[in-house]
Amino acid sequence: MKEQETIDKFLQLRAEGKSFDKIVKLLNVSKPTLIKWGNNYLGEIAKLKEIRYEQILEKYKLTQEDRLIRLAKELNPKYALEKH
């Protein structure tokens, strides 16, 4: 893997919350190098974490909305005809 590809993968793994020890095993890069990258790319990692967090919230929101609609339909079949 080329260095920039490795760094990109590292950033993604850190944004997912993976530990340095886990990333060492996955990427076969020394822990001191990963720590250095972590310090050099703090902003990028934070942005990726925020994006990931927003994606999780959106997924949860849709899942929760789906459940509420299904429950409303079960409780009141008339709701299904009026709303959907």
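The values are calculated or read from the model by the stated rules, or taken from the named source; none is laboratory data. All values reported here derive from a predicted model rather than from experimental measurement. All Cβ positions, glycine included, derive from the backbone under ideal geometry; neighbour counts span all protein chains shown.
Does Ile45 satisfy being at pLDDT 95 or above and of a type outside the set (Ser, Thr, Tyr)? Working first, answer last.
Details: at pLDDT 95 or above: yes; of a type outside the set (Ser, Thr, Tyr): yes.
It is true that Ile45 is at pLDDT 95 or above and of a type outside the set (Ser, Thr, Tyr).
Counting only residues that are out of contact with any Lys or Arg (no Cβ under 6 Å at 6 or more places or on another chain) and at pLDDT 95 or above, which one in segment 14-24 is surrounded by the fewest Cβ atoms within 10 Å (Cβ to Cβ)? Let's see the steps before the verdict.
Pass one, segment 14-24, residues out of contact with any Lys or Arg (no Cβ under 6 Å at 6 or more places or on another chain): 14, 16-19, 21-23.
Going one step further and asking which of them are at pLDDT 95 or above, we end up with 14, 18-19, 21-23.
On the way: Arg14: 22, Lys18: 14, Ser19: 12, Asp21: 9, Lys22: 12, Ile23: 21.
Filtering segment 14-24 for residues that are out of contact with any Lys or Arg (no Cβ under 6 Å at 6 or more places or on another chain) and at pLDDT 95 or above, the one surrounded by the fewest Cβ atoms within 10 Å (Cβ to Cβ) comes out as Asp21.
For first residues located in segment 1-27 and more than 16 Å from Ala46 (Cα to Cα), partners that are of a type in the set (S, T, N, Q) and part of a helix (DSSP H, G or I) and lie 6+ apart or on another chain with Cβ distances below 8 Å form the pairs Leu27/Thr6.
Pick from Leu11, Leu48, Leu27: which is surrounded by 12 or more Cβ atoms within 10 Å (Cβ to Cβ) and touching an Asp or Glu at 6+ places or on another chain (Cβ under 6 Å)?
On the way: Leu48 fails: touching an Asp or Glu at 6+ places or on another chain (Cβ under 6 Å); Leu27 fails: touching an Asp or Glu at 6+ places or on another chain (Cβ under 6 Å).
Leu11 is the lone residue from the list that is surrounded by 12 or more Cβ atoms within 10 Å (Cβ to Cβ) and touching an Asp or Glu at 6+ places or on another chain (Cβ under 6 Å).
Test Gly38 against the criterion of being at pLDDT below 95, of a type in the set (Gly, Ala, Ser) and within 20 Å of the chain's Cα centre (by Cα), and give yes or no. So Gly38 fails the test.
Looking at segment 13-84, the helices (runs of 4 or more DSSP H) lying wholly inside it that each contain 3 or more residues that are closer than 19 Å to Glu3 by Cα sit at 20-27, 31-40, 42-75.
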